[in-house]
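**Q** So that we are looking at the same thing, I have put the structure below in structure tokens.
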Amino acid sequence: NDFAGTFDGKGHVISFTLVHGTTHAFGIFGETFHGATIKNLAMNNVKQTGTSGKNPAGVICAQGSKVSGAPEYHLENLFIDVSFIEEGSNFLAVMGNVMWSGILKNVIVHVDGEVPKGFESSSFARGSLISSTNSYLISDSPLYEIDVEESKKPDQTKWVKIAQYATYEEMEADGNDYSSFSAEFWDISSGIPVWKALANASAK
């Protein structure tokens, strides 16, 4: 089931548990999304299992795009806070693959706790993407690991590269320019972008 439309969260926050199980693994937007846009949404306190299935999976989807030259897909103004709660053979936080044509802008991913080690594990995703603007990962787990002999591991220099920090404090100390983060959804007054709806809820 390919998602290829536009999902606009309009600043809302959702929380859920995602159980991948033993089947061909998915995410909340299905397996792939060619030409899709997913934007303006916070996924907070997401609890996720690993998958015992053949393919890796993540919070958003199992695959970003299967084929080279597929229409671009956009992830913009997203906050994702995720932790792992059960065993499995594959653990990938956001997506199973970010393949060939992904464009990220103003995306912050926080992995709460460690990413368990499995055959594949990642604190973001595996795969490559066209561009990433002001997208950050807060996790002290490796960006990508695979449990095979060193000589058989993929060339990770061609794979996903987004700015990674072990903590929010490290991110704040780095003094990044967050001016591109939309004031409609983000509050940057603390020195790092915070999802407005979450900040407002904490203040009450």
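**Q** I need to check one value: relative contact order of region 65-104, counting alpha carbon pairs closer than 8 Å and at least 6 residues apart, in percent.
**A** Reported as a whole number, the value is 74 percent.
**Q** Could you compute the net charge surrounding Phe7? Neighbours are other residues with a C-beta less than 14 Å from the C-beta of Phe7; K and R count +1, D and E count -1.
**A** -1
**Q** Under 5 Å between amide H atoms, partner at least 5 residues away or on a different chain: which partners does Gly21 have, H built in plane at 1.01 Å?
**A** Those lying under 5 Å, H to H, from Gly21 are Ser52.
**Q** Turning to a different aspect of this structure: Using modelled backbone amide H atoms (1.01 Å from N, in-plane), which distant-in-sequence or interchain residues come within less than 5 Å of Trp186's amide H?
**A** Distant-sequence amide H within range of Trp186: Lys196.
**Q** Here's another thing I want to ask about it. Quick one: Karplus J couplings for region 41-49, per residue in order, coefficients 6.51, -1.76, 1.60, θ = phi - 60°, nearest Hz, x for Gly and Pro?
**A** For region 41-49, the Karplus curve yields 9, 10, 10, 9, 6, 7, 10, 9, 8 Hz.
**Q** Of Lys39/Lys153; Lys10/Lys161; Lys39/Lys152; Lys47/Lys153; Lys10/Lys117; Lys117/Lys196, which pairs sit farther than 31 Å apart, going by alpha carbon to alpha carbon?
**A** From the list (Lys39/Lys153; Lys10/Lys161; Lys39/Lys152; Lys47/Lys153; Lys10/Lys117; Lys117/Lys196), the Cα-Cα distance tops 31 Å for Lys39/Lys153; Lys39/Lys152; Lys10/Lys117; Lys117/Lys196.
**Q** Would you mind checking which residues have amide H under 5 Å from Ser135's amide H? H placed 1.01 Å from N; only 5 or more apart, or other chain.
**A** Asn106, Val107, Ala163
**Q** May I ask for the net charge around Asn77, where only other residues with Cβ less than 12 Å from the Cβ of Asn77 are counted and Lys, Arg are +1 while Asp, Glu are -1?
**A** Values: positive: Lys10, Lys39, Lys105, Lys196; negative: Asp8, Glu76, Glu184.
Net local charge, Asn77 excluded: +1.
**Q** For region 168-204, which GluC sites (Glu not before Pro) are in a loop by DSSP, counting at most 14 other Cβ atoms within 10 Å?
**A** In loop regions of region 168-204 (DSSP not H, G, I, E or B), the sparsely surrounded GluC sites (Glu not before Pro) are Glu184.
**Q** Then there is this: Count charges around Ile103 for me, please; just the other residues with Cβ under 10 Å from its Cβ, Lys/Arg as +1, Asp/Glu as -1.
**A** Computed value for this residue: -1.
**Q** From the phi angles alone, apply the Karplus equation (6.51, -1.76, 1.60; θ = phi - 60°) to region 171-178 and give each ³J(HN,Hα) in whole Hz, x where the residue is Gly or Pro.
**A** Whole-Hz 3J(HN,Hα) from phi for region 171-178: 4, 5, 5, 7, x, 5, 8, 9.
Each reported figure results from applying straightforward, stated rules to the coordinates on display, with no laboratory input. Just so we're clear, the structure is a prediction, and the values are computed from it rather than from any experiment. FYI the Cβ positions are ideal-geometry reconstructions off the backbone, even for glycines, and counts take in every protein chain you see.
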